[in-house]
Amino acid sequence: MKKLLLLIIITIFVSPIVKAQDGYKCATAFDLPDLTDTYCSAIGQYNNSNIVQAGITWFKFTAARTSLTVIVSGASIGGTLQTPTIKLYTDCNTQFIGALSSNNANITTLHAEQLTTGKTYYLAVSGQNLGSFKLCVNNYYTDPADGEDCATALYLENTNDIQ
């Protein structure tokens, strides 16, 4: 009888914890809103305090534009996450995209270009500890470099083929 009572108590208290796994696995990543404008969460809105996947919180979004900047602010602005890490993936099978990332005073910035519009991408946020953080995502078009648009195009001086 004691074992049955213990099993019922464990089921009642542990079951909601086990089911509340959104964002803690890539397959159940938090959906970010439409990124046609910059998105910023509230301070400490997200956390990586989970035991499901070693302190990683997953987000997914559909690229509206070709460039991306992601900022995770931890302990520096009221959160508790130390030295945040951000990784960008093309799918849940660890197709990591090389991206520039820098950390300063518990604020980490990731920058990526050449995203495919309409494609779904995944962000994995972790850190040195389990803690809370603010997430800001800006998906935008990069300004063209000189020679990439009509206003700054290079003039051809002859009719030879371009190699």
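The values are calculated or read from the model by the stated rules, or taken from the named source; none is laboratory data. Because the structure is predicted, anything quoted here is derived from the model rather than measured. Here the Cβ is made from the backbone with ideal geometry for all residues, glycine too, and neighbour counts use every protein chain on show. Surface accessibility is based on the protein's heavy atoms, side chains included, excluding ligands, DNA and RNA. Shrake-Rupley method; radii C 1.70, N 1.55, O 1.52, S 1.80 Å.
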Log entry, pairs with first residue in the range 56-69 being closer than 16 Å to His111 by Cβ and of a type in the set (D, E, K, R), second being open to solvent by 40 Å² or more (accessible area, probe 1.4 Å) and assigned to a loop (DSSP other than H, G, I, E, B), beta carbons closer than 7 Å, six or more apart or on different chains, reads Arg65/Thr117; Arg65/Tyr141
In the set Thr117, Thr85, Thr90, the lone residue that is modelled with pLDDT of 90 or more and over 22 Å from Tyr24 (Cβ atoms) is Thr117
request  = Would you confirm whether any residue within the range 97-107 is at pLDDT below 90 and open to solvent by less than 50 Å² (accessible area, probe 1.4 Å)?
outcome  = yes
Considering the range 28-84, residues that are assigned to a helix (DSSP H, G or I) and over 15 Å from the mean Cα position of the chain (by Cα), and then whichever is surrounded by the fewest Cβ atoms within 10 Å (Cβ to Cβ), we arrive at Ile77
